[in-house]
Amino acid sequence: MREAVLFFFIVVAGTGGELSVSRAMKGVGEVHDFRPKSILRFVLQSFRLPWMWLGVALMSLAFFSLLAILSFRQVSFVVPVSALSYAAGAFGAKLFLGERISRNRWIGIAIVCLGVTIVWWTRA
Amino acid sequence: MTLSRVAVRRTASAHEVSNLSGTIVLQVLLFWTTQQRNHVTRTRRLQLKTIPLILISIILGPLGNVFLGKGMKSVGPVTSARILDLLPIASCVLTSGYIWLGIVCLLGFFVVHMLLLTWADYSYVQPATSLSYLSIAILSYLVLGEMISPLRWLGVTVICVGVLLVGRTSPSTSEAPEHA
């Protein structure tokens, strides 16, 4: 149960964080200038947007959940299971960013889920 | 004397003309081959820097996770979610060398990934990084001594295939395709 909650945080909060950061980045606009000064300005600008803060908070939650689960589970179990974020990413992108997911991508995601299920059986 | 000089001049100019046309043909040939060679060397040069960087990113990212795992195993199992219990654990985590090593590896992975994406297509890089699921299994076996059952190898391989397929689809789907 405890690890299910932690995996939920890793997958859902991690993906939610990436989606929020992605949304904030789209708000700031495309980067054309790669001089250090303008990149710094870009970073400062992005932190004025609430989406950025939400994204960083969610990604931190995901990172600390990863650390917590690594304290009692094998790395070769935790990291493959967290590949579920491909499924969460596709659903999130469809729901929140309005992206269309191709049939081939759904097939790939279904195969990832099958692999995660197989790895999950080996958790004992 | 003069006649022979004229003849010499004429043959010389004829020689020059044939020389000139020969030079033009040669130069066109040379230009064409250099163009071809430039194209080939450009592709090869891109591969020369893309493939090592992909290999580095496939190793660096999983290595970061392996170090995080090693660090957290030394901290001990986190079983409580109460703030008072988490504070001493947090101080252990922040002072663990392996955790910082892991974070440095993950940051390095992030930088390499960003660098790759400045010239390589995402749809080229993403399927290649699906191999990182195999390398995490190999590294956790080698570095941490984790025993990996055949069933887990099968699962990891299936995940690799799935991620590979996800990456092979079009990277931009939010706009209508131009060619149906």
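The values are calculated or read from the model by the stated rules, or taken from the named source; none is laboratory data. Keep in mind the model is a prediction, meaning the values are calculated, not measured. Every residue, glycine among them, receives a Cβ derived from its backbone with ideal geometry; neighbour counts consider all protein chains shown. When the accessible area is computed, the model is the full protein with side chains, heavy atoms only, and any ligands, DNA or RNA have been set aside. Shrake-Rupley method; radii C 1.70, N 1.55, O 1.52, S 1.80 Å.
In whole Å, what three semi-axes, largest first, describe the equivalent ellipsoid of chain A built from its Cα gyration tensor (square root of 5 times each eigenvalue)?
Equivalent-ellipsoid dimensions as semi-axes: 30, 19, 12 Å.
Which residues' amide hydrogens lie under 5 Å from the amide hydrogen of A:SER71, considering only partners 5 or more residues apart or on another chain, with H built in the peptide plane?
Under 5 Å from the amide H of A:SER71 lie the amide H atoms of B:VAL78, each far enough along the sequence or on another chain.
Starting from the Cα of A:LYS37, draw a straight line to each of the lysines and keep only those under 29 Å, dropping any in the same chain fewer than 8 residues away.
Of all the lysines, those that pass the test against A:LYS37 - Cα under 29 Å, at least 8 places apart if same chain - are A:LYS26, B:LYS49.
Which percent of the accessible area of chain A is formed by carbon and sulfur heavy atoms (probe 1.4 angstrom)?
Taking all protein chains in place, chain A shows 68 percent carbon and sulfur surface.
Report the longest stretch of chain A that contains none of the chymotrypsin sites (Phe, Trp or Tyr not before Pro) sitting in a DSSP loop with at most 15 other Cβ atoms within 10 Å.
Numbers: sites that count: A:PHE34, A:PHE47.
Value returned for the longest uninterrupted segment is A:48-124.
When a/c reaches 1.5 or more, the comparison of a/b and b/c decides; with that in mind, is segment A:43-116 rounded, prolate or oblate per its Cα gyration tensor?
oblate
Using only Cα atoms, find the angle between the long axis of helix A:85-96 and the longest principal axis of chain A, and express it within 0 to 90 degrees, rounded to the nearest 10.
It is inclined by approximately 50 degrees.
Over both sides of the A-B contact, add up the buried accessible area with a 1.4 Å probe and give it to the nearest 100 Å².
Values: alone 8700 and 13560 Å², together 19170 Å².
Interface between A and B: roughly 3100 Å².
Considering only A:VAL12, A:LEU54, A:HIS32, whose Cα is most displaced toward the positive end of the charge dipole of segment A:12-62, charges sitting on Cβ of Lys, Arg (+1) and Asp, Glu (-1)?
Going by the Cα projections, it comes out as A:HIS32.
Can you give me the angle between helix A:14-28 and the longest principal axis of chain A, using Cα atoms only, in degrees from 0 to 90, rounded to the nearest 10?
Approximately 10 degrees, to the nearest 10.
Around B:SER96, with a cut-off of 14 angstrom between Cβ atoms, what is the net charge of the other residues, counting Lys and Arg +1 and Asp and Glu -1?
Every neighbour counted, the sum reads +2.
What is the average number of partner chain Cβ atoms found within 10 Å of a Cβ in A:106-115?
Rounded to a whole number, the mean comes out at 6.
Among residues other than A:SER46 whose Cβ falls under 11 Å from its Cβ, what is the net charge (Lys/Arg +1, Asp/Glu -1)?
For residues surrounding A:SER46, the net value is +4.
Loop only per DSSP, at most 14 neighbouring Cβ atoms within 10 Å: give me the trypsin sites (Lys or Arg not before Pro) in segment A:1-101, ordered by residue number. Walk me through the numbers before you get to the answer.
On the way: sites: A:ARG2, A:ARG23, A:LYS26, A:LYS37, A:ARG41, A:ARG48, A:ARG73, A:LYS94, A:ARG100; in loops: A:ARG48, A:ARG73, A:ARG100.
Answer by residue number: A:ARG48, A:ARG100.
Grab the other residues whose beta carbon is less than 15 angstrom from that of A:PHE7, score K and R as +1, D and E as -1, and report the net.
Values: positive: A:ARG2, A:ARG73, A:ARG123; negative: A:GLU3.
It works out to a net charge of +2.
Counting Lys and Arg as +1 and Asp and Glu as -1, each charge on the Cβ, what is the dipole of the protein assembly as shown about the Cα centre in debye, to the nearest 20?
About 700 debye.
Rounded to the nearest 500, what is the 222 nm mean residue ellipticity of the protein assembly as shown from helices alone, with -39500 (n - 2.57) per DSSP H run of 4+ residues and division by all residues?
Mean residue ellipticity at 222 nm (helix-derived): -26500 deg cm²/dmol.
Short version: what are the Cα gyration tensor semi-axes of the protein assembly as shown, square root of 5 times each eigenvalue, largest first, in whole Å?
Working through the eigenvalues yields semi-axes of 55, 23, 21 Å.
So for B:GLU146, A:GLU99, what's the accessible-area order with a 1.4 Å probe, most first? Don't skip to the end; give the middle numbers.
On the way: B:GLU146 15, A:GLU99 60 Å².
Greatest to least solvent exposure: A:GLU99, B:GLU146.
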